[in-house]
1. Checking the conditions here, which among Ser127, Ser158 is open to solvent by 90 Å² or more (accessible area, probe 1.4 Å), over 18 Å from the mean Cα position of the chain (by Cα) and either among the aromatic types (Phe, Trp, Tyr) or over 25 Å from Gly26 (Cβ atoms) (or both)?
2. So Asn7 fits all but one of (1) exposed (fewer than 13 other Cβ atoms within 10 Å of the Cβ); (2) part of a helix (DSSP H, G or I); what number is the exception?
3. Counting only residues that are open to solvent by less than 10 Å² (accessible area, probe 1.4 Å) and in a helix (DSSP H, G or I), which one in the range 76-95 is nearest to Ala148 (Cα to Cα)?
4. If I filter the range 12-45 down to residues being among the hydroxyl-bearing types (Ser, Thr, Tyr) and either touching a residue at least 60 places away in the same chain (Cβ under 8 Å) or open to solvent by less than 20 Å² (accessible area, probe 1.4 Å) (or both), which single residue comes out as farthest from Met60 (Cα to Cα)?
5. Looking at Leu13, Leu42, which is the one that is within 19 Å of Trp82 (Cβ to Cβ) and in a helix (DSSP H, G or I)?
6. Which condition number does Val73 fail, the rest of (1) in contact (Cβ under 8 Å) with a residue 40 or more places away in the chain; (2) open to solvent by less than 20 Å² (accessible area, probe 1.4 Å); (3) more than 12 Å from the chain's Cα centre (by Cα) being met?
7. Give me a count of the residues in the range 110-123 that are closer than 14 Å to Gly70 by Cβ and buried (at least 20 other Cβ atoms within 10 Å of the Cβ).
8. Filter the range 46-59 down to residues that are open to solvent by 30 Å² or more (accessible area, probe 1.4 Å), part of a helix (DSSP H, G or I) and within 19 Å of Trp82 (Cα to Cα), then give me how many there are.
Amino acid sequence: ALVTVYNTSIGQLRVECLRAIACIFGYSTTPSGAASQICYELYAKLDDGKFLVGLTKEIMKGFEESCVAGLAVIQKLVHHAWGLHEIASYQNIVNFLLMRDSSRAKVAQQWQFSVIESIVKAPEAKSEFDDETFARLERYAREGPYYAVATARVAVESS
């Protein structure tokens, strides 16, 4: 039933579905093989196998609630080896995660950071991501959610 509701939902109902999916995928930080397989089967049915593509679009819409709910799902996917592989294989979500945007709500920035921390801590992460991407993820995790590159400004006095 959740698959049907998710696949046909929009707006607030879609957000509630994402929250439920995050709970299912993330019931444990160390899911057993059988539980992880069941989660993968659910994942494969969502959006007709294109869940991560649709989820990325949902996150990028800019609506705080759907962004946060989507990031919560991604954080929970990281707990599964297959989920980490899916994330590493989809460059759009990786690029989004590594993009700092201070105009995003603080709660969304915190969730984005939390996802990156979870990725970096995952045992399989180093082998799933290429060296450059993994180094960027590690740097982001070290710098924190609100890091901004300092830019020098020179004031000129006029006479």
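The values are calculated or read from the model by the stated rules, or taken from the named source; none is laboratory data. Keep in mind it's a predicted model, so treat the numbers as computed, not measured. Positions of Cβ are generated from backbone atoms using ideal geometry, with glycine treated the same way; all protein chains shown enter the neighbour counts. Accessible surface areas use protein heavy atoms only, side chains included; no ligands, DNA or RNA. Shrake-Rupley method; radii C 1.70, N 1.55, O 1.52, S 1.80 Å.
1. Answer to the selection: Ser158.
2. Only one criterion is unmet by Asn7, namely (1).
3. Here the residue is Val94.
4. Going through the qualifying residues, I end up with Ser36.
5. Leu42
6. (3)
7. 3
8. Residues meeting the conditions: 4.
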